[in-house]
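Mind looking over this structure? Questions follow.
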Amino acid sequence: MSQELERVYTINLGKVLLSVDTHRAPRAINMIKEFARHHMKTGDIRIEEDLAHQVWSKGVRSPPRKIRVRMSKTDEGYVLVSPYTDEKESKELSKEKKDSSKGKKKSSKEAKKETTKEVKETPTKEVKTDAPTKEVKETTKEAKETPTKEVKKETKKETPSKEVKKKSK
């Protein structure tokens, strides 16, 4: 094979959830290997360390449901499975950095980022509550407390009188 064969796939790992929760991440790694073996038609599959870290990032019990990978068949005969990074985005970012260093106009994405940064940097002002609202709350508390006290007093008055009647009999 004189040239490398490279493909990008999105692997559905939803069936990982059917396995026992303490074996889900290893099962996800095995599913990625099985998928690569099936689609690239090679038995020797090697998973890049970054992809393994991505699968294990949330722990053994909750691997990702879907994962985007790049599979490349090398001259040595094995398939290297690595996480997919969009080259278009990286090219655009490098162009924007060059443009900003030259002093050209900023793109709409950069302008949005700066406005969000400005909003985050401005401190929030605390709103002071008015005194009348506190008074209203206090009066409602008093109103609630007073009827319950009266009811308790009435019940106390009734119980001793009954006891007195019982004792007199």
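So what are the ³J(HN,Hα) numbers for segment 73-82, from phi and the Karplus equation (6.51, -1.76, 1.60; θ = phi - 60°), rounded to whole Hz, Gly and Pro as x?
8, 9, 5, 6, x, 9, 9, 9, 9, 10
Can you compute the FRET efficiency between T10 and R61 using 1/(1 + (r/R0)^6), with r the Cβ-Cβ distance and R0 = 22 Å? Round to the nearest 0.05.
Result of the calculation: an efficiency of 0.45.
Going by average Cβ neighbours within 10 Å, how do the peptides 50-56, 22-28 rank, with the highest at the top?
22-28, 50-56
Could you give each residue of segment 50-55 its phi-based ³J(HN,Hα) in whole Hz, using Karplus coefficients 6.51, -1.76, 1.60 with θ = phi - 60°, and x for Gly or Pro?
Coupling constants for segment 50-55: 4, 5, 5, 5, 5, 5 Hz.
Still on this model: Of E76, E34, how do they rank once you tally other Cβ atoms within 10 Å and put the fewest first?
E76, E34
No lab work stands behind these numbers, since they all come straight from the coordinates. Nothing here was measured: the structure is a model prediction, and the numbers come from that model. Quick reminder, even Gly has a Cβ in these numbers, built from the backbone with ideal geometry, and neighbours come from all protein chains shown.
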